[in-house]
Amino acid sequence: DVKVTQSSRYLVKRTGEKVFLECVQDMDHENMFWYRQDPGLGLRLIYFSYDVKMKEKGDIPEGYSVSREKKERFSLILESASTNQTSMYLCASSFYSRSNQPQHFGDGTRLSIL
Amino acid sequence: GDSVTQMEGPVTLSEEAFLTINCTYTATGYPSLFWYVQYPGEGLQLLLKATKADDKGSNKGFEATYRKETTSFHLEKGSVQVSDSAVYFCPRMTTDSWGKLQFGAGTQVVVTP
């Protein structure tokens, strides 16, 4: 079974702090994704990566950055946390191919910015 | 632009009732379609998928058929249980070959005993 592990289930940080969310997958997937989930909006893509050191902006990248130094690990960084970044954050991974591989999700990190 | 539209929730049902969750999409071409389920406090789990027109995905009593003519992928289950209470998502895969998913708002289902 694919395992996508997010480092924290719950996190509370203060406005202006630099926040790191970590995600690790154990299936040698090329693709990794970061989403945020908000009520009534579904999941929105923040950033994704298709290879080590490669990254692409998603639909809502403002205020975020990412790092992928190793294939199995994808980090989301909030450079200077703000209250409007309070949300549920979900990481996912998948194989890179043209055969429409499904994404596998972690359990999420519920982040509160005070 | 391309989008995914799901019926608004919450959908409230009694145990053993028939469940339908409507999902329609707009897209250029024929994207792969998925249903994911999110139980309270958890991430998303893949429920089923379809990669081409007329494909039927099924799993755990749930079914959905990819209807090209109506651009729909409605989810059905014949007899729901309290344990089916969750949020259901029907994302489409984008056609840019990156393997990205585009999500709708999700539909919350509440099954009462």
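The values are calculated or read from the model by the stated rules, or taken from the named source; none is laboratory data. As the structure is a computational prediction, the values presented were derived from the model and not from experiment. With ideal geometry, Cβ positions are generated from the backbone for all residues, glycine too; neighbour counts draw on all protein chains shown.
Within region A:99-106, identify whether any single residue is more than 8 Å from chain B (Cβ to nearest Cβ) and either crowded, with 19+ Cβ neighbours inside 10 Å or farther than 23 Å from B:Pro91 by Cβ (or both), and answer yes or no.
No, region A:99-106 has no match at all.
Can you tell me which condition A:Val12 does not meet? The list is (1) within 14 Å of chain B (Cβ to nearest Cβ); (2) touching a Leu at 6+ places or on another chain (Cβ under 7 Å); (3) in contact (Cβ under 8 Å) with a residue 40 or more places away in the chain, and all the others hold.
Exception for A:Val12: condition (1).
Consider B:Phe103 against the criteria (1) hydrophobic (A, V, I, L, M, F, W, C); (2) within 30 Å of A:Tyr10 (Cα to Cα); (3) modelled with pLDDT under 95; (4) out of contact with any Gly (no Cβ under 7 Å at 6 or more places or on another chain): it satisfies all of them except one. Which criterion is unmet?
(4)
So B:Ser32 passes all but one of these: (1) polar (S, T, N, Q); (2) crowded, with 21+ Cβ neighbours inside 10 Å; (3) more than 9 Å from chain A (Cβ to nearest Cβ). Which condition number does it fail?
Every listed condition holds for B:Ser32 apart from (3).
Of the conditions (1) more than 14 Å from chain A (Cβ to nearest Cβ); (2) within 27 Å of A:Lys3 (Cβ to Cβ), B:Ser79 fails just one. Which one is it?
(2)
Out of region B:1-38, which residues are part of a strand (DSSP E or B), over 14 Å from A:Gly42 (Cβ atoms) and not aliphatic (A, V, I, L, M)?
B:Thr12, B:Ser14, B:Thr20, B:Thr24, B:Thr26
Please note which strands (runs of 3 or more DSSP E) are completely contained in region A:11-114 and include at least 3 residues that are touching a Gly at 6+ places or on another chain (Cβ under 6 Å). Steps first, answer last, please.
Numbers: elements: A:19-25, A:31-38, A:42-49, A:64-70, A:73-78, A:87-94, A:109-113.
Answer list for region A:11-114: A:42-49, A:87-94.
Quick one: how many residues across region B:39-54 are more than 12 Å from B:Tyr88 (Cα to Cα) and either of a type in the set (Gly, Ala, Ser) or part of a loop (DSSP other than H, G, I, E, B) (or both)?
So the first thing to find is which residues in region B:39-54 are more than 12 Å from B:Tyr88 (Cα to Cα), and the list is B:41-42, B:49-54.
Narrowing the set further to residues that are either of a type in the set (Gly, Ala, Ser) or part of a loop (DSSP other than H, G, I, E, B) (or both) leaves B:41-42, B:50-54.
Result for region B:39-54: 7.
So which residues in region B:58-99 are buried (at least 18 other Cβ atoms within 10 Å of the Cβ), within 13 Å of B:Leu33 (Cβ to Cβ) and among the small types (Gly, Ala, Ser)?
B:Ala64
Can you find a residue in region B:45-57 that is at negative phi, at pLDDT below 95, surrounded by fewer than 17 Cβ atoms within 10 Å (Cβ to Cβ) and facing another protein chain (nearest Cβ under 9 Å)?
Yes, region B:45-57 has at least one match.
Tell me, which residue of region A:69-95 that is more than 11 Å from the chain's Cα centre (by Cα) and within 17 Å of B:Lys100 (Cβ to Cβ) is surrounded by the most Cβ atoms within 10 Å (Cβ to Cβ)?
Across region A:69-95, the extreme among qualifying residues is A:Ser94.
Could you list, in sequence order, all residues of region A:30-58 that are over 28 Å from B:Thr107 (Cβ atoms) and touching a residue at least 12 places away in the same chain (Cβ under 8 Å)?
Result: A:Glu30, A:Ser49, A:Tyr50, A:Asp51, A:Val52, A:Lys53, A:Met54, A:Lys55.
Any idea which residue in region B:35-44 is farthest from B:Leu101 (Cα to Cα), counting only those that are surrounded by fewer than 16 Cβ atoms within 10 Å (Cβ to Cβ) and touching a strand residue (DSSP E or B) at 6+ places or on another chain (Cβ under 8 Å)? Show your work before the answer.
Taking region B:35-44 and keeping what is surrounded by fewer than 16 Cβ atoms within 10 Å (Cβ to Cβ), we get B:39-42.
Next, from what is left, pick out any that are touching a strand residue (DSSP E or B) at 6+ places or on another chain (Cβ under 8 Å): B:39-40.
On the way: B:Tyr39: 19, B:Pro40: 21 Å.
Restricting to residues being surrounded by fewer than 16 Cβ atoms within 10 Å (Cβ to Cβ) and touching a strand residue (DSSP E or B) at 6+ places or on another chain (Cβ under 8 Å), the top hit is B:Pro40.
For region B:1-50, which residues satisfy the criterion of being more than 16 Å from B:His74 (Cα to Cα), in contact (Cβ under 8 Å) with a residue 40 or more places away in the chain and in contact with an Asp or Glu (Cβ under 8 Å, 6 or more places away or on another chain)?
B:Ala27, B:Thr28, listed by residue number.
If you check B:Gly57 against the conditions, is it out of contact with any strand residue (DSSP E or B) (no Cβ under 7 Å at 6 or more places or on another chain) and either under 30 Å from A:Asp51 (Cβ atoms) or not in a helix (DSSP H, G or I) (or both)?
Values: out of contact with any strand residue (DSSP E or B) (no Cβ under 7 Å at 6 or more places or on another chain): no; either under 30 Å from A:Asp51 (Cβ atoms) or not in a helix (DSSP H, G or I) (or both): yes.
The answer is no for B:Gly57.
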